[in-house]
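Novice: This is the structure I want to talk about, given as structure tokens.
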Amino acid sequence: MNTPSNLKYSKDHEWVRVEGDIAVIGITDFAQSELGEIVFVEVETVGETMDAGEVFGSVEAVKTVSDLLLPVSGEIVEFNEQLEDAPELVNDDPYGEGWMIKVAMSDKTELDELLDAEGYQASVG
Amino acid sequence: MKTTPFTETHIALGAKMHEFAGYNMPIEYSGINDEHITVRNGVGVFDVSHMGEIWVKGPKALDFLQRVCSNDVSKLSIGQAQYTYFPNGKGGIVDDIIVYYFESEKYMLVVNASNLEKDWNWLVKNNTEGVELENASDHTAQLAVQGPKAVEVLQKLTSVNLAEIPFYHFKVGDFAGVKNVILSNTGYTGSGGFELYFYPEDGMKIWNALFEAGKEYGIKPIGLGARDTLRLEKGFCLYGNEIDETTSPLEAGLGWITKFVDGKNFIDRERLEKEKAEGLKRKLVKFELQERGIPRSGYEIVNADGEVIGQVTSGTMLPETKIGMGLGYVNAPYFKNGEPIYVKIRNKNIEAKIVK
């Protein structure tokens, strides 16, 4: 399982990469591997301001659908539109081309509540 | 957890494994989509050794089967198989099964793994004819070799002329140097091919021969994940999803294997005849979404006004066309009047079209 050390993680298997006030968010390598082939990523919350823990979209694999939970509060400013036609990027490159949304964070102190790579790895065993 | 003769091989091949009906079974190897497409276009091998096999023998075997099965078992010739179900005495279904007619007074029933114990108890309880019942599941292994290239691969390994075995017929013969293998022209994929039954100790010999013979056709192992999408695409029922102890076989579209013929007084006959005469209140339909989305088991089906008119029982995104399709029960008159139906996916109602 790949868990880059420069990212923050939620217990719900999302990762966060901080770029100034922007949080780039996706799902972890562990999550994509558990889900299997991802066939559809649906995010219809661009432009909305939401709290951490709220559902910002869903990811559909062949066998299952999962809610996507926002790891930090803020405005969803961008959806990775490449995923419209190529949802498999989440499987192929979960921390790179497979990123899902960008969020303008409203409270950067929330980042402190997220896990580091080691903590996340421990949480999934 | 129980194992099959192939469990270690699945693990060695890197399959994603999961418990199913008490067995450690492969869910996927290269990926459900790739495996699905392999079976539709080439050939794939499924380990279905978890399936149950029950033998029914004795002078009253036919009488017994005519009473516990919905289909007309008397129509079978030796060497022929038949899809049927056990009505449960309450208008529902104990299990859907295949009956194989081996020789006079000797039949084999192939039942769902998850229902084996329940089926066995049901048959024992209803055995008023005093037939001999034998649960052979633990010493019977099974591989399904399915796809348009399956017969070419299989024919390389047997002297039995497979072209002479029609659909839903079988022969017992040599295969890959193993004697007394049941070669059955049946399957659960809608892509053609055979199902092979043999002793577990012969399993690896057969597996290895199949993969060697199939190499030139790109043969692959297929998991239970693609088994589900393949059957779903063809609209085949899965026990536990479309049918169970509470569902009407007529509503499930199993009227074609429910035979109200003279002299066949099967369990629930009167009840089902009455239900048929009164007209069905709902019916299982196959549908395709008109926009992007994936129907899932338990999602509501609604009409144009948003009123609930049914429920999804199985759904997926088809690997080749990327269309969201599913099976579900839809109330009268919507299952036949051509009005649009909608699947409620999260907060949206996505239009669906009923298809054949």
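Novice: Considering region B:44-71 alone, what residues qualify as being open to solvent by less than 10 Å² (accessible area, probe 1.4 Å), more than 18 Å from the chain's Cα centre (by Cα) and not small (Gly, Ala, Ser)?
Specialist: Within region B:44-71, B:56, B:64, B:65, B:68 meet the criteria.
Novice: Just need a number here: residues in region A:100-125 that are farther than 14 Å from residue A:13 by Cβ and not aliphatic (A, V, I, L, M).
Specialist: 10
Novice: Residue check, residue B:11 against (1) touching a residue at least 60 places away in the same chain (Cβ under 8 Å); (2) surrounded by fewer than 16 Cβ atoms within 10 Å (Cβ to Cβ); (3) part of a helix (DSSP H, G or I), all met but one. Which one?
Specialist: (1)
Novice: Which ones in region B:277-292 are open to solvent by 60 Å² or more (accessible area, probe 1.4 Å) and part of a loop (DSSP other than H, G, I, E, B)?
Specialist: B:281, B:290, B:291, B:292
Novice: Kindly establish whether residue B:322 is of a type outside the set (A, V, I, L, M, F, W, C) and within 14 Å of chain A (Cβ to nearest Cβ).
Specialist: Yes; evaluated as a whole, the condition is true for this residue.
Novice: Out of everything in region B:320-356 that is part of a strand (DSSP E or B) and of a type in the set (Ser, Thr, Tyr), what residue ends up being least open to solvent (accessible area, probe 1.4 Å)?
Specialist: Filtering first and then ranking leaves B:329.
Listed here are the residues, each with its yes/no results for (1) among the basic types (Lys, Arg); (2) under 21 Å from residue B:82 (Cα atoms).
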{"site": "B:115", "(1), (2)": "no, yes"}
{"site": "B:135", "(1), (2)": "no, yes"}
{"site": "B:140", "(1), (2)": "no, yes"}
{"site": "B:145", "(1), (2)": "no, yes"}
{"site": "B:148", "(1), (2)": "no, no"}
{"site": "B:156", "(1), (2)": "yes, no"}
{"site": "B:165", "(1), (2)": "no, yes"}
{"site": "B:169", "(1), (2)": "no, yes"}
{"site": "B:172", "(1), (2)": "no, yes"}
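Novice: Now for a different question. Give just the number: which of (1) of a type outside the set (Gly, Ala, Ser); (2) touching a His at 6+ places or on another chain (Cβ under 6 Å); (3) open to solvent by less than 20 Å² (accessible area, probe 1.4 Å) does residue B:185 not satisfy?
Specialist: The failed condition is (3).
Novice: Scan region B:261-282 and report the pairs whose first residue is under 13 Å from residue B:248 (Cα atoms) and touching a residue at least 12 places away in the same chain (Cβ under 8 Å) and whose second residue is open to solvent by less than 50 Å² (accessible area, probe 1.4 Å) and among the acidic types (Asp, Glu), with Cβ atoms within less than 6 Å and a gap of 6+ or a chain change.
Specialist: Filtered contacts from region B:261-282: B:280/B:251; B:282/B:251.
Novice: Could you check, for region B:215-222, whether at least one of its residues is within 14 Å of another protein chain (Cβ to nearest Cβ), among the charged types (D, E, K, R) and crowded, with 16+ Cβ neighbours inside 10 Å?
Specialist: No.
Novice: If I filter region B:297-319 down to residues being of a type outside the set (Gly, Ala, Ser), more than 17 Å from residue B:225 (Cβ to Cβ) and assigned to a loop (DSSP other than H, G, I, E, B), which single residue comes out as nearest to the other protein chains (Cβ to nearest Cβ)?
Specialist: Among them, the one singled out is B:299.
Novice: Out of (1) more than 12 Å from chain B (Cβ to nearest Cβ); (2) in contact (Cβ under 8 Å) with a residue 12 or more places away in the chain; (3) out of contact with any Phe, Trp or Tyr (no Cβ under 7 Å at 6 or more places or on another chain), what's the single condition that is false for residue A:96?
Specialist: (2)
Novice: Which of the residues that make up region A:58-75 are assigned to a strand (DSSP E or B) and either open to solvent by 10 Å² or more (accessible area, probe 1.4 Å) or in contact with a Leu (Cβ under 8 Å, 6 or more places away or on another chain) (or both)?
Specialist: A:58, A:59, A:61, A:65, A:66, A:67, A:69, A:75
Novice: Tally up the residues in region A:98-114 that are under 25 Å from residue A:38 (Cα atoms) and exposed (fewer than 15 other Cβ atoms within 10 Å of the Cβ), please.
Specialist: Of the residues in that region, 0 qualify.
Novice: Give B:294, B:350 a once-over and let me know the one that is within 14 Å of chain A (Cβ to nearest Cβ), of a type outside the set (Gly, Ala, Ser) and under 23 Å from the mean Cα position of the chain (by Cα).
Specialist: The unique qualifying residue is B:294.
Novice: Scan region B:27-34 and give yes if some residue there is within 14 Å of chain A (Cβ to nearest Cβ) and open to solvent by less than 10 Å² (accessible area, probe 1.4 Å), otherwise no.
Specialist: yes
Novice: Scan region B:141-149 and tell me whether some residue there is in a helix (DSSP H, G or I) and surrounded by 15 or more Cβ atoms within 10 Å (Cβ to Cβ).
Specialist: Among the residues of region B:141-149, not one is in a helix (DSSP H, G or I) and surrounded by 15 or more Cβ atoms within 10 Å (Cβ to Cβ), which makes the answer no.
The values are calculated or read from the model by the stated rules, or taken from the named source; none is laboratory data. What you see is a predicted model; the values in this text were computed from it and never measured. No Cβ is skipped: glycine too gets one built from the backbone with ideal geometry, and neighbour counts run over all protein chains shown. For accessibility, only protein heavy atoms count, side chains too; no ligands or nucleic acids. Shrake-Rupley method; radii C 1.70, N 1.55, O 1.52, S 1.80 Å.
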